[in-house]
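The values are calculated or read from the model by the stated rules, or taken from the named source; none is laboratory data. For clarity, every value in this text was computed on a predicted model and none was experimentally measured. Cβ coordinates were reconstructed from backbone atoms using ideal geometry, including for glycine residues, and neighbour counts include every protein chain displayed. In case anyone asks, the SASA skips ligands and DNA or RNA and just uses the protein heavy atoms, side chains included. Shrake-Rupley method; radii C 1.70, N 1.55, O 1.52, S 1.80 Å.
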Amino acid sequence: MSLRLYRALLQSSKQFQDYNLRAYCLRRCRLAFEQARNETDPAAVQALQEAGREQLRVIQRQSTISNMYVGEQSVMETLGR
């Protein structure tokens with residue numbers, strides 16, 4: 001799949017304020033690209049790219065909504081300070 005799409009997914013995933021959502025999105029993006037790394041069928045690659053673009057739109061919407069309703073920081077976030 002496209003490196004540009006991968007970077008956009010990672011960048012959008014990092015926009016979540018909540019540690020759990022951020023970690024989940026980053027993990028799922030990396031896993032999806034790792035699984036699709038050796039795909040050579042053009043139709044399958046096209047389908048994977050379309051699915052990736054749809055997931056990017058979902059992550060962008062959800063991170064915007066999530067950031068409107070910020071809660072307390074998780075223990076994992078406070079340990080890093």
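Does any residue in region 66-77 that is closer than 14 Å to Arg22 by Cβ come within less than 8 Å, Cβ to Cβ, of a residue that is part of a loop (DSSP other than H, G, I, E, B) and open to solvent by less than 50 Å² (accessible area, probe 1.4 Å) six or more places away or on a different chain, and which pairs are these?
Close Cβ pairs satisfying both conditions: Ser66/Phe16; Asn67/Phe16.
Could you list, in sequence order, the residues of region 1-32 that are over 20 Å from Ser63 (Cα atoms) and in contact with a Leu (Cβ under 8 Å, 6 or more places away or on another chain)? Spell out how you get there, then give the answer.
Step one: filter region 1-32 for residues over 20 Å from Ser63 (Cα atoms), giving 1-3.
If the condition is that a residue be over 20 Å from Ser63 (Cα atoms) and in contact with a Leu (Cβ under 8 Å, 6 or more places away or on another chain), then Met1 is the only one that fits.
Which numbered condition trips up Thr64, out of (1) hydroxyl-bearing (Ser, Thr, Tyr); (2) touching a helix residue (DSSP H, G or I) at 6+ places or on another chain (Cβ under 8 Å); (3) modelled with pLDDT of 90 or more?
Against the list (1) hydroxyl-bearing (Ser, Thr, Tyr); (2) touching a helix residue (DSSP H, G or I) at 6+ places or on another chain (Cβ under 8 Å); (3) modelled with pLDDT of 90 or more, Thr64 comes up short only on (2).
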